[in-house]
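Structure first, then comments.
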Amino acid sequence: MDDLDKAILINFDESGTMDASLKKQAKTFCEQIKAKPSICSMCIEKLCFSNLIQVQFWCLQTLHEAIVSRYSSMDPQEKQLIRHSVFSIVCLEGVGANNTATRVLEAPPFVKNKLAQVLVTLIYFEYPLIWSSVFVDFFPHLNKGKIVIDMFCRVLNALDDELISLDYPRTPADIVVAARVKDAMREQCVAQIVRAWYEIVSMYRNVDEEVCVGVLESMSRFISWIDIGLVVNDAFGSLLFDLVLAAGVGDRLRGAAIKCLTAVVSKRMEPQSKLALLQSLQISRLFGLVVDDGNAELVSDVAVLLTGYATVLLDCFKRMDSEEARGISMELLDEVLPSVFHLTKENELDATFNVVQFLSSYVATMKSITPLGEKQLLHVGKILEVISVLIRYDPEYRSNIDMLDKIGKDEEDRMVDFRKDLFVLLRNVGRVAPGVTHLFIRNLLANAVSTSSGSTNVEEVEAALSLLYALGESLTDEAIQDGQGLLSELVPMLLSTKFSCHSNRLVALIYLETVTRYIKFIQDNTQYIPMVLAAFLDDRGIHHPNINVSRRASYQFLRVVKLLRVKLVPFIETILQSLQDAVAQFTSMNYTTELSRTEDGSHIFEAIGLLIGMEDVPPEKQCDYLSSLLSPLCQQVEVLLLNDKTNVEANVKVAVIQHIIMAINALSKGFNERLATGSRPTIGLMFKQTLDVLLQVLVVFPRVESLRSKVISFIHRMVETLGSSVFPYLPKALGQLLAESE
């Protein structure tokens, strides 16, 4: 081991125990060696004799850097030395004057991949003008067995990665070189390469499947740009299908053959030629594989193939004018769709995104077919089934999502993003086939109701409700209000349902969102108002045990009140009784336990204000309602302002007062100036008395900014409610505000 070997080993050391200064010295030494004019011959010499993996890799890496950086300045002898040596190593030939056999092909894959990269770099500069025989020279060495075959595949893979594949960014110069290399290969050696692939796979399929897998994986990369007739023919085509379907073939080899077929299906061609190719493949032979439960990876490969096949057929249908050709495309598409649906519903696929994109394109195409045929309607129903399965949460995360811990929040965020395209697809299906869509969701909801048992079907119930909600997003307000389609049946079914899993946060939230989404239906169907109120006021809504659900229910209830306001007058007593405990928490002295609930409680007060502030409410009742709300709130503020009579901490006291002001402020939004100062002045008097109490807050807490802002907001509110009659209160308020102003 010489000094360079030692320096390389130190440089590659990752134990963490190596002295930093020593490592720095080793790196400097290696860089100095790299700068020598004879570095390429030094690297080749070391490759002949060194068995150290790190040294082999360093030498190959250095050769690669030298070729890339100074190929044009190398003399012909140096280029010939590199060319001959590298190719000899790749082909398991001896190197140098002594014909020394190297050990590089016995090294780990990353070393062999680096060797392949070096050879491809030479191809970049020299093929076909200087070194025209590089590929042809390879063929006689393939009979040396799997080691050389493996290197042949690695070289082809590296050629794809480093030069040909458009999956990586390429410079204009790279694109020109890639075109030159591909053109030369097509003319000179592609047919021989394909023949070699066929012979190797035929020879090794029952002897060494790994060799065949390597060959087919290389082949799948090249199909996109070689003559398709070289692969799709009686010999090679039959071999590929045989590998997929024959008994006893390993799953990896089957998967590699499927990927080759996928590459064939995906090859860009004119639609007429492509349709003829797809017909000749007889892909229906593979439909039986969709029920193979033994290997998830194989099933995923089949899904990618069949989805790609279906996508191309749909493209042919859209691009061709001939009715006969369009008919053939649709016929083949009808054959494959059941398999695509089954794969997507029954398996967790990496290709799910591609499937959804295809289904979206299919549904968009269906818009041009009127009316839809029986098969198309059947497919639409299956698409809805696929959507309903894919949008379901994983039961494994049920408790995390219900508690909304970090795991649950991450999963919920992921699903929200994942569902977006699926809900867009649902809405498009709803436009193409509204009757089928409504019926499907009705049956799904009915099934969720009938099979509800404990928490066993949380995900199914949530999915059914989410679909109904998403459908509503695609409907006009008029369609909802008129109860078009099955909505006149769906909405009452929704309102009358109390799922056994309603305690689940997700189910409860989507239930309330869905009820609110369809609330316009109630405007012309007031007989369902008691059911709506029950949904929001019982333990499905504001009284739900989950604080997040309760808060959301308060906000949604406010939206419902704003829409149905006048129609709710006969139910005001019922509503106030149901909300008694929610209102009472503002007068409760259990500050610490109730504070977390009070902020969104202001939505409840605003809803109550909108209800009792209408002129449709009898005057006496209106005064009683308002007094029963304002009096206890004002009394509590007065108690809290008397420091010597309470033992409450100042920060808690401030927070409670702040929330009470928010509640009163929200309550006042339901009363207008005409009513408070004109037709029913008693109402105005109550608010003036309340303003008197709240102005004392500025005296006791002159420098608490949060309270000051809340009082200012309430004064603004009173200007709107009391009009000019608020003027006598302004000097006192402004004086206090200005005295303590910054």
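The values are calculated or read from the model by the stated rules, or taken from the named source; none is laboratory data. On a predicted model such as this, the values are computed, not experimentally measured, just so you know. As a convention, Cβ positions derive from the backbone with ideal geometry for all residues, glycine included, and neighbour counts pool all protein chains shown. With ligands, DNA and RNA removed, areas are computed over all heavy atoms of the protein, side chains included. Shrake-Rupley method; radii C 1.70, N 1.55, O 1.52, S 1.80 Å.
Every condition in (1) modelled with pLDDT of 85 or more; (2) open to solvent by 40 Å² or more (accessible area, probe 1.4 Å); (3) under 20 Å from A663 (Cβ atoms); (4) of a type in the set (V, I, T) holds for T574 except the one numbered (3). The set of residues in region 80-99 being assigned to a helix (DSSP H, G or I) and either of a type outside the set (G, A, S) or at pLDDT below 90 (or both) consists of Q80, L81, I82, R83, H84, V86, F87, I89, V90. The single condition among (1) in a helix (DSSP H, G or I); (2) out of contact with any Gly (no Cβ under 7 Å at 6 or more places or on another chain); (3) surrounded by 21 or more Cβ atoms within 10 Å (Cβ to Cβ) that E489 does not meet is (3).
Does any residue of region 62-79 turn out to be on the phi > 0 side of the Ramachandran plot and not in a helix (DSSP H, G or I)?
no
Within region 221-241, track down each residue that is in a helix (DSSP H, G or I) and free of Cβ contacts under 8 Å to residues at least 12 places away in the same chain. Walk me through it before giving the result.
Of all residues in region 221-241, those in a helix (DSSP H, G or I) come to 221-222, 228-230, 234-241.
Residues satisfying the conditions are G229, D234, S238.
Within region 645-701, being among the charged types (D, E, K, R), farther than 23 Å from V561 by Cα and in a helix (DSSP H, G or I) holds for K645, K653, K688, D692. No other residue among S300, S284, S273 is free of Cβ contacts under 8 Å to residues at least 12 places away in the same chain and assigned to a helix (DSSP H, G or I) apart from S273.
What number of residues within region 242-263 satisfy the criterion of being small (G, A, S) and in contact (Cβ under 8 Å) with a residue 40 or more places away in the chain?
5
Among residues of region 687-698 that are over 12 Å from Q736 (Cα atoms) and in contact (Cβ under 8 Å) with a residue 24 or more places away in the chain, those with a beta-carbon under 8 Å from a residue that is open to solvent by less than 10 Å² (accessible area, probe 1.4 Å) and outside any helix (DSSP H, G or I) at least six positions away or on a different chain give the pairs F687/F671. Scanning region 142-183 for residues that are out of contact with any helix residue (DSSP H, G or I) (no Cβ under 8 Å at 6 or more places or on another chain), closer than 21 Å to V86 by Cβ and not small (G, A, S) gives N143, K144, D161, R180. All of L115, L81, L60 fail the test of being of a type in the set (A, V, I, L, M) and either loosely packed, with under 13 Cβ neighbours inside 10 Å or over 47 Å from the mean Cα position of the chain (by Cα) (or both), apart from L81. Exactly one residue out of D183, D150 is within 25 Å of T62 (Cβ to Cβ) and either in a helix (DSSP H, G or I) or over 37 Å from the mean Cα position of the chain (by Cα) (or both), and it is D150.
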